[in-house]
1. Please report Tyr72, Tyr236 as a ranked list, fewest other C-beta atoms within 10 angstrom at the top and most at the bottom.
2. Fully extended, how many nm does the chain gain between Leu404 and Thr83 (0.36 nm per residue separation, minus their Cα-Cα distance)?
3. Which pairs break 21 Å Cα to Cα here: Lys92/Lys380; Lys85/Lys255; Lys199/Lys255; Lys103/Lys397; Lys220/Lys240; Lys92/Lys365?
4. Of Thr162, Thr306, how do they rank once you tally other Cβ atoms within 10 Å and put the fewest first?
5. Distance from the Cα centre of segment 69-94 to that of segment 270-284, in angstrom?
6. Scan around Ser250 for amide H atoms under 5 Å from its own, H built in the peptide plane at 1.01 Å from N, and keep only partners 5 or more places away or cross-chain.
7. List the residues, sorted by chain then number, that are 5 or more residues from Leu301 or on another chain and whose placed amide H is less than 5 Å from its amide H.
8. Arrange Leu67, Leu91, Leu340 by Cβ neighbour counts within 10 Å, fewest through most, would you?
Amino acid sequence: MMRDRKCSGSYYYLENFPLQHTCRILYTMSDGIMKKLPQDVISCIFLRLAVKSLLRYKCISKSWCTLLESSYFINLHVKRPTTTKDELILLKRSFEEGPNQYKNVLSFLSGCDDDHYPISPNIDVPYLSTTFGSVTQHLMGPYNGLIVLSDNEHVVLLNPSTRKYTLLQPSPFEICPPGFDRYICGLGFGIDLTMNDYKFIRINEISTDPYKDPCVRGNKVEVYELNIDAWREEYYEEEKLPSVYWSPCSELFYKGVCHWFASGDGEVILCFDMSTDTFRNIKMPHTCFFPNGMCYGLVILNDSLTLICYRDPTCEIDPLTDVIDIWTMKDYGVNDSWILGYTIRPLPIESPLTIWNDLLLLQSKSGQLISYNFISDEVKEYNLHGYPGSLKVIVYKESLTSTLHENSQGTQAQGF
């Protein structure tokens with residue numbers, strides 16, 4: 001017998017009703033045999049289905065299409081109760097197709113399967129450059145099912161579930177005055193929780209030619225706001241912002257804040273609050289400093305900011321002295337709350353990728369996806385690879401979130 005449980009407001013979630021029966025009801029409804037159900041019941045049935053199925057049901061009736069495209073249902077779908085079984089692994093990688101020509105693809109992997117095999121056709125990544133191994137491309141997110149892909153020239157806002165994407169308009173502040181050079185050193189994507197607005201941030205280092213003039217340095221920060229489809233710019237003098245440097249596993253959005261590694265008065269994690277547009281620093285553990293032949297990655301473990309310290313892949317590993325340390329920040333933003341959670345044996349890796357449940361996902365120096373199990377101490381190799389250094393991974397949950405603001409008059413979303 002079907003049991004109802006109140007989930008939010010006047011809506012009921014049919015948590016114990018078999019999914020195959022749910023689909024049967026929908027097909028029966030589409031044939032007009034079954035009487036019309038209340039909209040709250042229909043919504044709860046839809047919440048149990050994969051996005052791929054929901055996109056098909058949009059074609060069955062106008063009322064269903066209106067419901068599935070409404071901000072009410074999209075928000076309800078984002079906030080639906082989920083478990084780790086609902087999570088997927090989204091893998092970005094590149095393949096060499098010719099001399100200095102590479103194809104970039106996204107693959108959905110089954111998160112709950114030990115083999116992490118692709119569960120749907122690969123998604124060709126639009127607009128991104130196809131040269132130099134695509135190693136410096138960025139994969140940021142997800143937030144509410146949206147991700148950002150960038151190659152420092154193009155910025156693509158994408159919902160992998162719906163295959164809809166928007167190419168952000170170029171920043172009007174990209175051109176430097178004569179005698180100055182611009183270097184993009186940090187990118188970030190997240191949401192301003194106060195304004196409910198998605199933002200993309202780009203940190204640029206501006207400098208003069210040291211061979212012509214005394215070297216003058218500063219930082220320009222560009223922020224794109226989706227609600228108004230526009231860029232704005234702020235300038236920071238050198239002494240007010242540490243020097244950001246790129247790491248294969250950083251650019252992390254957590255608790256409404258973007259994070260990067262930076263070096264100035266010591267080594268820090270630079271933070272940018274998306275709601276207040278303010279910077280602050282988090283000190284790294286006292287054993288983590290540069291240069292010491294180590295590299296660092298930022299991930300989330302047990303809903304806590306986590307720092308992974310591993311041997312620089314260009315250095316030879318000494319199995320007797322080298323280890324991988326995993327530090328967790330117990331109280332976010334409190335410098336003295338770092339705790340050494342794990343110390344594991346050294347692995348011949350290019351970089352860490354992410355943490356999912358008990359697995360630390362990494363890319364090998366040859367470009368293969370591997371994992372380390374914190375519980376069993378087991379290292380596993382998967383039959384998934386790309387050009388060395390091109391792998392990027394995030395843990396992903398499906399959504400119907402649009403890549404455009406409701407009232408946007410700018411670039412129209414496209415699909416593929």
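1. So the ranking, lowest neighbour count to highest, is Tyr72, Tyr236.
2. Here the answer is 112.8 nm.
3. As for pairs spanning more than 21 Å Cα to Cα, those are Lys85/Lys255; Lys103/Lys397.
4. Least crowded to most crowded, the residues run Thr162, Thr306.
5. 27 Å
6. Those lying under 5 Å, H to H, from Ser250 are Leu298.
7. Answer set, sorted by chain and number: Thr306.
8. Going from sparsest to densest Cβ surroundings: Leu340, Leu67, Leu91.
Every number in this text was worked out from the coordinates using simple rules, so none of it is lab data. As the structure is a computational prediction, the values presented were derived from the model and not from experiment. With ideal geometry, Cβ positions are generated from the backbone for all residues, glycine too; neighbour counts draw on all protein chains shown.
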